[in-house]
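**Q** Dropping a structure here in structure tokens format, bear with me for questions.
What follows is calculated from the coordinates using simple rules that are stated; it is not laboratory data. What you see is a predicted model; the values in this text were computed from it and never measured. Ideal geometry is used to build each Cβ from the backbone, glycine not excepted, and the neighbour counts take in all protein chains shown.
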Amino acid sequence: MAANVYASATDGGSGGEPAQTRSGTGVRTAGTTIDCPDVGSRLTSVPEQARTEVDKELALLDEQIAKAYQRLSESAQQIQQDSGFADNAIMNPLKEKRGATLERIAIAIDRVGDRPEGLDALAACTVRDSGNQAPEQGEGQDGGGEEQPGQEQDQGGQEQGNGQGQGQGNNGGQAGNGPVAADFADITSVQPNVNSPRQQDNASRGTFATSCGVNENGLFNSDNIIAAPGVTNGAHHFHDYVGNQANNAFAGDQDLANAGTSCDDQGDKSSYYWPVLRVQNGTQEQDANSPGGGIEGNAGAIVTPKQVTLDFVGNPRDKVTAMPRLLRIITGDAKAFVNGTANANASWSCTGFEDRQLKDKYPLCPKGSDVVRSFKFQSCWDGRNIDSANHRTHVAFADASGACPSGFRPIPQLVQRIVYDVDAPSLKDGGRTTPLFAVDSFPEQLHKPVTDHGDFINVFDEDLMREMVDCINDGRKCGAGAEAGPGEKPSQEPSQEPSQEPGAGEEPSQEPTKTPEAPQEQPTRTPDAPKDGNAGGQPGDTGNDGKDEASEPPATDKPAPEPEPSDSPADEAEVYATPSAKSGEQGGSKDGTGEDSDGLGQSQAVGTATSAAATPAAPPRTEPQAVGSGNLADTGAQLWPAAAGAVLVLAGFVVLRRARRS
């Protein structure tokens with residue numbers, strides 16, 4: 001079975017010749033992955049005395065899968081030559097190892113409680129199609145046959161490999177296990193899909209913002225103290241850490257309490273962590289040859305976030321209660337590609353488009369717009385436990401109306417927003433021109449965006465936690481991060497373009513001089529920007545991302561005396577002003593050209609439209625004033641002949657008088 005699945009996934013469709021043979025590069029091209037039952041999520045009840053041992057055995061199960069996946073992905077030649085190789089050399093040994101580990105878990109629980117039933121049925125794993133098949137030769141990742149990019153991808157993968165002979169074409173990514181073009185989507189093609197529950201009379205409307213940096217000090221590891229305490233490389237991928245500076249696999253509660261913190265308010269020693277984002281450009285990071293890094297397919301340059309905001313918000317129905325100290329929350333599912341989306345909680349978007357969220361795709365953002373990943377953590381607590389056996393059942397999400405499940409109480413909800421300055425990758429050549437990006441993942445999860453997840457451990461000082469609760473319940477904005485405007489995040493984005501920094505029109509008097517400078521080439525380039533169209537005619541926008549406004553400005557913006565309105569500063573400002581009438585959709589080309597990325601549609605900077613809107617009004621106002629002053633001039637022109645006549649009459653009288661005297 002494994003051989004059949006593997007062969008079909010690697011078949012290039014050319015006489016049954018495998019894609020790896022056709023590529024001629026020796027890269028890993030198998031479009032398969034290993035699917036094993038997730039034991040940890042099913043162990044909802046484990047006695048406290050057995051948890052340490054059980055957690056270590058669960059981490060061992062993850063390690064077994066990672067090693068089996070690595071061997072499978074490197075065994076294309078053997079599998080093609082021997083149909084039984086995958087089962088005999090990889091899958092059957094994996095089943096035996098898992099069976100022994102599951103038995104140790106059952107024994108550990110049986111010592112202090114009731115032996116769990118049915119664990120042995122979770123030993124077997126399957127090989128299944130990953131969806132990352134190699135393209136036909138001469139085809140690009142998008143299925144087109146342009147300039148034989150398939151060959152370029154293979155060459156590009158060799159050039160950008162991580163030192164292990166793994167390519168960036170076919171199976172995706174420089175490490176050969178994703179991402180692929182199908183993992184990305186144009187954000188402008190997404191319909192607005194964010195809805196907020198209606199707030200009721202007893203709602204807790206406040207916001208408490210903490211500010212803990214962006215991990216500029218480079219604190220990383222591939223541990224996970226929540227899911228795999230005491231196990232090095234328990235996550236099999238690198239994490240960014242902000243806040244608590246002592247978080248690693250071996251940190252105890254006292255270690256966390258005594259640690260330093262990157263947070264501005266030293267009363268917040270909480271730990272906030274998430275998988276790093278990497279640009280797959282061939283960079284050799286510190287973990288390039290280590291478990292959790294390049295050895296397990298997590299390759300490329302780690303991207304430091306441009307911005308991280310950590311807000312705690314209230315409940316739309318009720319007042320919130322304090323979080324217990326050392327409460328642990330995992331949101332999302334690092335294994336969602338294999339497990340399914342029941343626990344998935346990934347949200348991907350772009351600045352200026354955050355009313356549109358993607359769950360299973362990375363966003364392709366227009367120029368001037370940054371990638372945003374966000375997490376809304378569980379906001380209901382069972383009132384008793386700071387953790388649970390599967391790290392989920394002690395907390396829960398509120399329903400669509402904001403109500404917590406029976407027996408749970410609302411707590412402040414952590415809303416985490418991470419912004420990255422990364423360009424939309426070039427999908428047609430597999431990221432060779434502009435590299436692909438992806439979050440770190442377990443190797444068999446293939447860097448799928450749906451696997452994104454976040455972790456939080458509450459190490460707030462108790463007095464500061466009380467302050468947070470009072471702030472939220474009173475409907476105020478508080479916390480060390482409140483000065484940055486936690487409720488007005490989009491207004492920060494125009495900082496990419498210094499000439500547009502005032503944003504929301506705080507200094508409109510300065511904008512007329514600033515606005516024309518930034519988009520000097522905008523009017524001539526705009527008609528070419530939306531090469532592939534924006535996006536599908538979203539409600540509230542024109543369906544062409546401002547293309548019509550740029551090519552045919554309103555007649556009032558073309559005063560007759562102006563022979564070339566497209567060169568006038570007022571017209572340039574109008575190009576930026578138009579999107580403000582849509583819905584503030586993002587904007588502002590980083591290079592000021594106004595061109596989009598990969599034909600994804602042009603964009604305008606948030607805040608620029610508002611502040612620049614006053615600029616194009618100048619020509620219409622000037623024109624009526626000119627007409628008004630022209631009326632006065634016409635009146636004068638009609639009176640001067642009468643004045644001349646009067647002078648002649650007076651001269652006649654003088655002549656007659658002199659004649660009489662003589």
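**Q** Please list, by residue number, everything in region 224-257 whose backbone N is under 12 Å from a paramagnetic label point 7 Å out along Cα→Cβ of residue 286.
**A** 239-241
**Q** On full extension of the chain, what length is gained from residue 264 through residue 359, given 0.36 nm per residue of separation minus the C-alpha to C-alpha distance?
**A** On the way: separation 95, 0.36 × 95 = 34.20 nm, distance 3.15 nm.
Gain on extension, residue 264 to residue 359, equals 31.0 nm.
**Q** Output the relative contact order of region 44-120, whole-number percent, from Cα pairs under 8 angstrom with separation of 6+ residues. Walk me through the numbers before you get to the answer.
**A** Numbers: 45 pairs, mean separation 33.0, N = 77.
Answer for region 44-120 is 43 percent.
**Q** Give a residue-ordered list of calculated ³J(HN,Hα) values for region 211-221 (Karplus: 6.51 cos²θ - 1.76 cosθ + 1.60, θ = phi - 60°; whole Hz; x for Gly, Pro).
**A** 10, 10, x, 10, 6, 5, 8, x, 8, 10, 6
**Q** If the limit is 32 Å between Cα atoms, which of 269/319; 97/376; 56/306 go over it? Each step should come with its number before you reach the end.
**A** On the way: 269/319 24 Å; 97/376 37 Å; 56/306 35 Å.
Listed pairs above 32 Å: 97/376; 56/306.
**Q** Here is a further query. Ranking request for peptides 34-47, 343-356: highest mean number of other beta-carbon atoms within 10 Å first, then the rest in descending order.
**A** On the way: 34-47: 18.6, 343-356: 23.4.
The densest-packed peptide leads the list: 343-356, 34-47.
**Q** Show me the GluC sites (Glu not before Pro) within region 51-118 that DSSP assigns to loop and that have at most 12 other Cβ atoms within 10 Å of their Cβ.
**A** 117
**Q** How are the alpha carbon pair distances in region 167-289 distributed across 5 Å bins from zero to the largest one, expressed in percent?
**A** For region 167-289, the binned pair fractions read 2, 9, 13, 14, 13, 13, 14, 12, 7, 2, 1, 0 percent.
**Q** While we're on this one: Compute the Rg to Rh ratio over region 415-482 from the alpha carbon atoms, using the Kirkwood formula for Rh, and round to two decimal places. Can you show the working numbers first?
**A** Working: Rg = 19.3 Å, Rh = 16.2 Å.
Using Cα coordinates only, the ratio equals 1.20.
**Q** Which percent of Cα-Cα pairs in region 282-408 sits in each 5 Å bin, short to long?
**A** Cα pair-distance distribution for region 282-408, in percent: 2, 9, 13, 16, 18, 17, 13, 7, 4, 1, 0.
**Q** Right, another one. Note down the net charge around residue 47, summing +1 for each Lys or Arg and -1 for each Asp or Glu among other residues with Cβ under 12 Å from its Cβ.
**A** Numbers: positive: 51, 111, 115; negative: 48, 53, 110, 114.
Taking every Cβ under 12 Å from that of residue 47, the sum is -1.
**Q** Now for a different question. With a cut-off of at most 16 other beta carbons within 10 Å, and DSSP calling the residue loop, which GluC sites (Glu not before Pro) in region 205-300 qualify? Please list them.
**A** On the way: sites: 216, 285, 296; in loops: 216, 285.
Passing sites in region 205-300 are 216.
**Q** Which three lengths, in whole Å and largest first, does region 373-448 cover when its Cα atoms are put on their principal axes?
**A** Per principal axis, max minus min of the Cα coordinates gives 53, 27, 18 Å.
**Q** To continue, here is another question. Could you give me the radius of gyration and the Dmax of region 252-299, taking only the C-alpha atoms into account and expressing both in angstrom?
**A** 15.5, 40
**Q** Oh, and also: For region 108-124 and region 450-466, what is the centre-to-centre distance using only Cα atoms, to the nearest Å?
**A** The two parts, judged by their Cα centres, are 32 Å apart.
**Q** While we're looking at this one, here's another question. Please give the residues of region 425-464, grouped as numeric ranges, whose backbone N is less than 13 Å from a label point set 7 Å along the Cα-to-Cβ vector of residue 255.
**A** Within reach of a label on residue 255: no residues.
**Q** Another question, if that's okay. Report, by chain and number, residues whose modeled amide H sits under 5 Å from the one on residue 430, excluding near sequence neighbours (fewer than 5 apart, same chain).
**A** 141
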